[in-house]
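Every read-out reported here was derived from the displayed coordinates using simple, explicitly stated rules and does not represent laboratory data. These numbers come from a predicted model, not from an experiment. Cβ: placed from backbone, ideal geometry, glycine included. Neighbour counts: every protein chain shown.
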Amino acid sequence: MTENSERRVISVIVVNEASVLSRITDLFSGRGYNITSLTVAPIPDSKYSRLTIATSGSVRVIEQITKQLHKLIPVLRVYEHADLVEKEMAMVKFPITENLSDINTLCEAYNGKIVNVGENVIIAMVADEPKRVENFLKVIKRYNPKEIVRSGAVALER
Amino acid sequence: MQISGAQMVIEALTLEGVDTVFGYPGGAIMNVYDEIYKQDKFQHILNRHEQAAVHAAEGYAKASGKVGVAMITSGPGFTNAVTGLADAYMDSIPLVVISGQVPMSLIGTDAFQEIDAVGISRSCTKHNYLVTDAKDLPRILKEAFYIAASGRPGPVHVDIPKDVTAQIAEFDYSQPVKLETYKPHTKGNPRQIKKAIEAMADSKRPLFYLGGGIINANAAYEVRELVHKTGIPAVETFMARGVLAHDDEHLIGMLGMHGSYAANMAMSETDLVIALGARFDDRVTGKLSEFAKNAAVIHVDIDPASISKLVNADFPIVGDVKNVVNEMLEISSKIDASKFESWRETINNFDDLHPLTYHEDSEKLKPQWVIERVGELLGDDANISTDVGQHQMWTAQFYPFSRPRQFISSGGLGTMGFGFPAALGVKAAAPQQTSVNFTGDGSILMNCQELMTAVEKKLPVINIILNNNYLGMVRQWQTLFYDKRHSETDLSVQPDFVKLSEAFGGIGYRVSTKEEFDAALKDAVEKNVVAFIEVIVHRLENVMPMVPSGGSLFNMMLLEKKEK
């Protein structure tokens, strides 16, 4: 299919039970869909967990993904978000010899700060929209980041 | 009541009304087999291979409409059964397959006969369970039966570690199934149904596209009524054979890769496709962009994911096809049945132009003749199973099916070796009817050990081996598309099929004339023991007509006209 492929965020509410995550990821790999990022955590005071999956595909593929997800027995609900607030976190390790005030200022511009200072390295974190996080990671390249970790996106419908 | 996990399995199967279990014992499932030994609530049929046990359960389920049950051990017992699970998954057959597993304490240690069974079955079952505590077993088994049979049916796999089958816990089967996350949508939207009926009334060249879902939903007789009331012609998929009787004047025939010219042309010319329980499989549609190009689409299916998956539906209706068709019947008087007479006339002309037929040969029997002949001699009385290949397509094309659940075959997965064990399951479910398995010289060897099961359990399946000494369907493709390079498809080296059957205690015939065939079939029906009837047929016969893979339905390779 040559239809336009676009990035979508899908939230899935599932029963907290053994192997539920592999049911979801098996479905994606088995049917040839992409997972760009995936986050999972329990929903407080319930027997459910919420998965946020960033994926891409044509309108038809995205429709199939949501339908196939819904067919899985432990899946309670599938939201294919149109209008959403989306955030992602990233943590970056810098050598302590870098310009810390520059790094701190940059972090603040991306809803973040320096969260840990050690003898040789500092750890900074930011939390922002995935696109902005990407931008942040580009900008800080000049400060010789030693390690970068991204959390994957979480999203709520407006 | 406090009982062991193994006893719970017996109790649950009994309460589910199971009368037949197919299976094969082994180490991890021994506790359950010990309880099977002690009970007389259901019969256990010992197949001689786990794959065959699952296929037999499939045949049983398809013929009876009930959930089929198979039981196997861990490790190789389970992996052998995977083909059966996949087959049932593709064809939406309700099964509960129970496997043993190594004890909980050994899981993950690469123990003897350990394999991650639920990890393997996840992608080829509707749902699966690893039972970790006997107290969950009643709930899980009850859910398994419910999930297998409801919505779009399918196989459910329950993996039980050996120590769980020994564990004592409370058994209470009276709790209703509570699955908040699984609620199949069975009632179609009335507004959509009304719109669909209006579209049918307004259309000029509508066409029913009938699928196997109609048989699963036990809706064939309702569909027959709808077809007759509306006067709209119908094509059937391979899986839907028998929904309409073969002599129904509204039935054009089977469509798809080996469908009839008239059926495929009707699909190409229609302005409204009415899909009932069909899923637009690639073997049905041919080239998607050319499929029913000028038609609007009504699609009724219980599985929302089947709707607009491949062909966009203008009138999507999610629901049980029986409910939806019943609702359609209530308002179908809006449709003027006489309106479609000229459309039916057009279709009849297609059929006159290229009827579904074959040319007789003076020297060798034609496989199509054998199938037609069985139809003449046994007709409605026989249930027909097949293996996979040319014989399967000829059976779908030429057998005069007259009722749903008469035709049992592996459609989606296309599993060679399916036919014989499935026919055993069919015979177990419908002992009054003759169970015939059309097979080929390739397929029959893939589960021929089932001769032993048939002899032991007195399941007199008649296997008609259409022997062309070729892996015929692959040979046909090699002839047509690989410049006749018959790579590894020449099966000239063969066992003596007569002796093979006899070695197990069955009977065998080798025939090469019409008279011999008639006599052999008559004798096999009378003798009432498992039989191999090996029919020497024309070696190079092709299944025709044919839509080459990826081609359009209206571009068929046709049977060459015989010079007169």
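For region B:462-494, the list of trypsin sites (Lys or Arg not before Pro) that fall in a loop by DSSP and count at most 10 other C-beta atoms within 10 angstrom reads B:Lys484, B:Arg485.
Between A:Asn120 and A:Ile35, take the C-beta separation as r, use R0 = 30 Å, and let me know the FRET efficiency to the nearest 0.05. Spell out each step's value before the answer.
Numbers: r = 35 Å, r/R0 = 1.16.
Between A:Asn120 and A:Ile35 the formula returns 0.30.
Amide H contacts under 5 Å for B:Gln43: B:Thr20, B:Val21, restricted to partners 5 or more places along the chain or on a different chain, H placed in the peptide plane at 1.01 Å from N.
Excluding same-chain neighbours fewer than eight residues apart, the lysines reachable from B:Lys187 by a Cα-Cα span under 16 Å are B:Lys195, B:Lys322. Relative to the dominant Cα principal axis of chain A, helix A:20-30 is inclined by about 80°.
Remark: for residue pairs B:Lys62/B:Lys458; A:Lys87/B:Lys183; B:Lys41/B:Lys178; A:Lys67/B:Lys62; A:Lys47/A:Lys131, the C-alpha separation exceeds 25 Å in A:Lys87/B:Lys183; B:Lys41/B:Lys178; A:Lys67/B:Lys62; A:Lys47/A:Lys131.
How big is the Cα convex hull of region B:2-170 in projection, averaged over all directions, in nm²?
Numbers: hull surface 33.1 nm².
Directional mean of the projected Cα hull area for region B:2-170 stands at 8.3 nm².
Remind me, what semi-axes does the protein assembly as shown give for its equivalent ellipsoid, largest first in whole Å, using sqrt of 5 times each Cα gyration tensor eigenvalue? Provide the component values of the computation, followed by the final result.
Values: eigenvalues 480, 234, 125 Å².
Output for the protein assembly as shown: semi-axes of 49, 34, 25 Å.
When B:His391, B:His486 are sorted by how many other C-beta atoms sit within 10 angstrom of their C-beta, beginning with the fewest, the order is B:His486, B:His391. Distance from the alpha carbon centroid of region B:1-75 to that of region A:79-158 works out to 57 angstrom.
When you count, for each residue, the other Cβ atoms within 10 Å and take the mean per peptide, how do B:143-152, A:9-18 rank with the highest first?
Details: B:143-152: 21.6, A:9-18: 18.1.
Sorting B:143-152, A:9-18 by mean packing, highest first, produces B:143-152, A:9-18.
Of all the Cα-Cα pairs you can form in region B:508-548, what percent are over 13 Å apart? Display every interim value, and only then the final one.
Details: 475 of 820 pairs.
Looking at region B:508-548, the distances longer than 13 Å represent 58 percent of pairs.
In summary, the aspartates and glutamates within cross-link reach of B:Lys38, defined as a Cα separation below 17 angstrom excluding same-chain residues under 8 places away, comprise B:Glu11, B:Asp19. Label separation (B:Asp19 vs B:Gln433): 1.5 nm, computed from points 7 Å beyond Cα along the C-beta direction.
Normalised by 2.2 N^0.38 Å, with N the number of residues, the alpha-carbon radius of gyration of region A:6-82 equals 1.01. Based on Cα atoms of chain A, Rg over Rh with Rh as the Kirkwood radius reads 1.06. Computed 3J(HN,Hα) for region B:473-478, one whole-Hz value per residue from the Karplus formula 6.51 cos²θ - 1.76 cosθ + 1.60 where θ = phi - 60°, is 5, 5, 4, 4, 5, 5, glycine and proline marked x. Peptide A:67-79 has a mean of 4 when you count, residue by residue, the C-beta atoms of other protein chains within 10 Å of its C-beta. For chain A, the longest principal axis of the Cα atoms and the long axis of helix A:130-139 meet at an angle of about 30 degrees. Per the Debye formula on identical point scatterers at the alpha carbon atoms of region B:336-481, with no solvent, log10 I(q)/I(0) at q = 0.10 Å⁻¹ is -0.41.
Per the Kirkwood formula applied to alpha carbons, region A:114-158 shows a radius of gyration over Rh ratio, Rg over Rh, of 1.03.
Within straight-line reach of B:Lys339, meaning a Cα separation under 17 Å, sit the following lysines at least 8 residues removed in sequence or on another chain: B:Lys204, B:Lys229. The alpha carbons of region B:129-180 occupy a box of 33, 21, 15 Å along the principal axes, longest dimension given first. Considered as an equivalent ellipsoid built on the Cα gyration tensor, chain B has semi-axes of 39, 32, 20 Å, the largest given first.
Sort A:Asp83, B:Asp496, B:Asp441 so the one with the fewest other Cβ atoms within 10 Å of its own Cβ comes first. Before the final figure, lay out each step's value.
Values: A:Asp83 6, B:Asp496 12, B:Asp441 24.
Arranged by neighbour count, lowest to highest, A:Asp83, B:Asp496, B:Asp441 become A:Asp83, B:Asp496, B:Asp441.
Give me B:Asp281, B:Asp110 sorted ascending by neighbouring Cβ count inside 10 Å, so fewest comes first.
On the way: B:Asp281 18, B:Asp110 8.
Result, fewest neighbours first: B:Asp110, B:Asp281.
Can you compute the label reach from B:Thr346? Point 7 Å from Cα along the Cβ direction, backbone N cut-off under 19 Å, restricted to region B:527-564. The answer is B:553-556.
Computed from point charges on the beta carbon alone (+1 for Lys and Arg, -1 for Asp and Glu), the dipole magnitude for region B:482-543 about its Cα centre is near 60 Debye.
Suppose every K and R has +1 on its Cβ and every D and E has -1 on its Cβ; what is the size of the dipole of the protein assembly as shown about the Cα centre, in Debye to the nearest 20?
1340
Taking 25 °C and 0.890 mPa s as conditions, region B:104-258 diffuses translationally at an estimated 125 µm²/s according to Stokes-Einstein applied to its Kirkwood radius (Cα pairs).
The distance from the alpha carbon centre of region B:221-277 to that of region B:366-445 is 21 Å, rounded to a whole number.
Computed as a quarter of the hull surface, the mean projected area of the alpha carbon convex hull for region B:462-507 stands at 3.7 nm². Sites listed here are GluC sites (Glu not before Pro) in region B:163-229 whose DSSP assignment is loop and whose Cβ has at most 13 other Cβ atoms within 10 Å: B:Glu180.
To the nearest 10 degrees, how steep is helix A:100-109 against the longest Cα principal axis of chain A, on a 0 to 90 scale? Around 30 degrees separate the two axes. Only one residue of B:Pro367, A:Cys107, B:Gly506 has its Cα farthest out toward the positive end of the dipole of the protein assembly as shown, where Lys and Arg carry +1 and Asp and Glu -1 on Cβ, and that residue is A:Cys107. Its Cα gyration tensor gives region B:82-154 an equivalent ellipsoid; the semi-axes, largest first and in whole Å, are 23, 16, 7.
With a Förster radius of 51 Å applied to the C-beta separation of B:Lys561 and B:Ala519, the computed FRET efficiency comes to 0.90.
Kindly provide the GluC sites (Glu not before Pro) of region B:324-379 that DSSP labels as loop, not H, G, I, E or B, and whose Cβ sees at most 16 other Cβ atoms within 10 Å. Please list the in-between numbers first.
On the way: sites: B:Glu327, B:Glu330, B:Glu341, B:Glu345, B:Glu360, B:Glu363, B:Glu372, B:Glu376; in loops: B:Glu360, B:Glu363.
When the GluC sites (Glu not before Pro) of region B:324-379 are filtered for loop state and at most 16 Cβ neighbours within 10 Å, B:Glu360, B:Glu363 remain.
So what is the relative contact order of chain B, in percent, for Cα pairs below 8 Å that sit 6 or more residues apart? If you can, show how the numbers build up before the last one.
Details: 1284 pairs, mean separation 80.6, N = 564.
Reported as a whole number, the value is 14 percent.
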